[in-house]
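First the structure, in the form of structure tokens, and then the observations on it.
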Amino acid sequence: MTLIGILIALGLERVLGRIPGWGRPVIFLWLMRAAHAVLPAALWASPLLPVAAVALPVTLVWWAYGQIWSPVIALCASAAVLLLCLGPRDLAEDVHDLLAARDAGDIARVQQIARNLQRGPQPDESHRSLMGTLFIQSHEKLFGVLLWFFVFGPAGAVAYRLASRLPRLMHETAPGSWAERTADWLHNLLAWVPVRITTLLFGLAGSLDDALSAWRALMRQPLHGWRSHTWALLAEIAVASLRTETADGAAEPVNLGSALREVLRMQWRALLILLAFFAIFATGSIF
């Protein structure tokens, strides 16, 4: 049933994604802004706020889903929750907008799209490239939510969606506070294992040899904080797996447009690999 719910949600997301404005975090932003308006400033900046902002909705979804007695209704409800948790915005839409702005010479629009992509933790200098950012966003918009949904159901999808959105909101409303640090810590904690699974998926979808070589190189480097290392791992290894070679074994040069389109193709291949693994776990058989 979980796999069927994932397929339904992904199918609906592809169809509804064509509607202008679909995928915007309207509910989340409205509720958080309303809470910001009524809560005391000290409480808003406290470490309890991010924990409560994730724990309360997750508990509510967990309880409500447990009250559903019909398998059909439960399937529809879980697919609906997953659909709302995917995104915001499809990565392909961002890439196409960025390429269109670049072709039109609209530098301001290109910079705006690049800034919008920088959600969640701020990558360090080792993976600030645009392609690394896109791989991070592919995880944030799609793979992280799917992995948490497959393991913990609708409550897991809600938990990761909220945790991935909170750091940016706290940075805008309570910069430098304990709330911002707690939100960032919570997001990175929930992302630690899924990021490594997503990294492996991108390696399988691209050049696995180059991905493993980059992974070994990163393992030999000294850690500069487990949080930044997590995102550097995803960005650098995924970018390394993009490597293509000419007939003589030299790296093939590609322009930015083809590289960004290859990111989308790799996301699609990685998604198919993940769905295949989900099917194996769900059925208990590879046949």
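Annotations for the structure displayed:
- Taking each residue of the range 187-206 that is closer than 11 Å to F143 by Cα and in contact (Cβ under 8 Å) with a residue 24 or more places away in the chain and looking for partners that are buried (at least 23 other Cβ atoms within 10 Å of the Cβ) and charged (D, E, K, R) with beta-carbon atoms closer than 7 Å, six or more apart or interchain, yields nothing.
- First in the range 81-106 and charged (D, E, K, R), second anywhere and part of a helix (DSSP H, G or I), Cβ under 7 Å, 6 or more apart: D94/I113; D94/L117; D97/I113; R102/V110
- Annotation for the range 156-175: no member residue is in a loop (DSSP other than H, G, I, E, B), hydroxyl-bearing (S, T, Y) and out of contact with any Leu (no Cβ under 8 Å at 6 or more places or on another chain).
- Test for G176: is it of a type outside the set (D, E), buried (at least 22 other Cβ atoms within 10 Å of the Cβ) and at pLDDT below 90: no
The values are calculated or read from the model by the stated rules, or taken from the named source; none is laboratory data. In this text the structure is predicted, and so the values were computed from the model without any measurement. Ideal geometry is used to build each Cβ from the backbone, glycine not excepted, and the neighbour counts take in all protein chains shown.
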